[in-house]
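The values are calculated or read from the model by the stated rules, or taken from the named source; none is laboratory data. Keep in mind the model is a prediction, meaning the values are calculated, not measured. So basically every Cβ, Gly included, is an ideal-geometry build from the backbone, and we count neighbours across all protein chains shown.
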Amino acid sequence: MLIAGETAMNFFTRIWNEFNKVILNTSMHGLTSKKILLIQFRGRKSGLEYTTPVNYTQQGDSLRITSFIHRNWWRNLETHPDVVVTVRGHKIQGTAEVFVERDDVSRELGIFLMSAPEMAKFFKVRQTNGNLNQADLFKTADQRVMIKVHLSDPVT
């Protein structure tokens with residue numbers, strides 16, 4: 001049921017997020033955990049714990065996450081960078097590093113997309129011979145924030 005003032009897209013996103021929160025905390029996590037993880041963080045004003053599902057890519061002992069810059073959840077990570085991620089059925093502590101400057105976001109988004117080239121089309125970043133279009137990366141970077149989570153333990 002829609003909450004007053006909520007768009008259909010926001011409603012769908014809310015339902016999808018709740019579905020993923022349930023699935024990723026069960027033995028059925030394999031259905032979505034190759035591309036989606038749960039990130040748990042503390043609110044910058046309230047101090048409350050929040051958990052949200054996000055798409056990710058992995059590069060060694062780091063995870064990269066992206067969000068639209070107009071969303072607010074990621075701002076909590078600037079104040080409280082200590083996080084717990086549930087990735088592929090494992091809870092691991094980490095430290096989040098937030099990138100908001102265009103050059104940094106473009107670089108980090110490039111790393112994210114090189115790890116998951118099939119996602120480039122969703123970000124409207126063209127590819128030629130396996131190379132990402134730099135102009136497209138810069139354009140997309142204006143609408144995005146990147147988060148790099150440095151894990152305390154490796155993910156198996």
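The condition (being farther than 23 Å from THR51 by Cα and among the aliphatic types (A, V, I, L, M)) is satisfied by just one residue among LEU77, LEU151, LEU137: LEU137. For region 59-92, filtering for residues that are in contact (Cβ under 8 Å) with a residue 40 or more places away in the chain and assigned to a helix (DSSP H, G or I) leaves 1. Among residues of region 117-135 being closer than 19 Å to PHE99 by Cβ and surrounded by 13 or more Cβ atoms within 10 Å (Cβ to Cβ), the one that is farthest from the chain's Cα centre (by Cα) is LEU132. Of the residues making up region 32-90, those that are touching a strand residue (DSSP E or B) at 6+ places or on another chain (Cβ under 6 Å) and modelled with pLDDT under 90 number 2.
Taking only region 36-72 into account, find how many residues are surrounded by 14 or more Cβ atoms within 10 Å (Cβ to Cβ), within 24 Å of ASP142 (Cβ to Cβ) and of a type in the set (Phe, Trp, Tyr). Going through region 36-72 one residue at a time, the tally reaches 1.
Is there a residue in region 136-148 that is surrounded by 14 or more Cβ atoms within 10 Å (Cβ to Cβ), of a type in the set (Asp, Glu), at pLDDT 95 or above and closer than 19 Å to GLN59 by Cβ? No - not one qualifying residue is present in region 136-148. Apart from one condition, ARG42 fits all of (1) more than 24 Å from GLY110 (Cα to Cα); (2) under 12 Å from the mean Cα position of the chain (by Cα); the exception is (2).
Here is a check on your reading of the model: is VAL85 over 20 Å from PHE123 (Cβ atoms) and surrounded by 16 or more Cβ atoms within 10 Å (Cβ to Cβ)? Considered against the rule, which asks whether it is over 20 Å from PHE123 (Cβ atoms) and surrounded by 16 or more Cβ atoms within 10 Å (Cβ to Cβ), VAL85 comes out as yes. With PHE112, PHE122 as the choices, which residue is without any contact (Cβ under 8 Å) to a residue 12 or more places away in the chain and within 23 Å of ILE39 (Cα to Cα)? Matching residue, one of PHE112, PHE122: PHE122.
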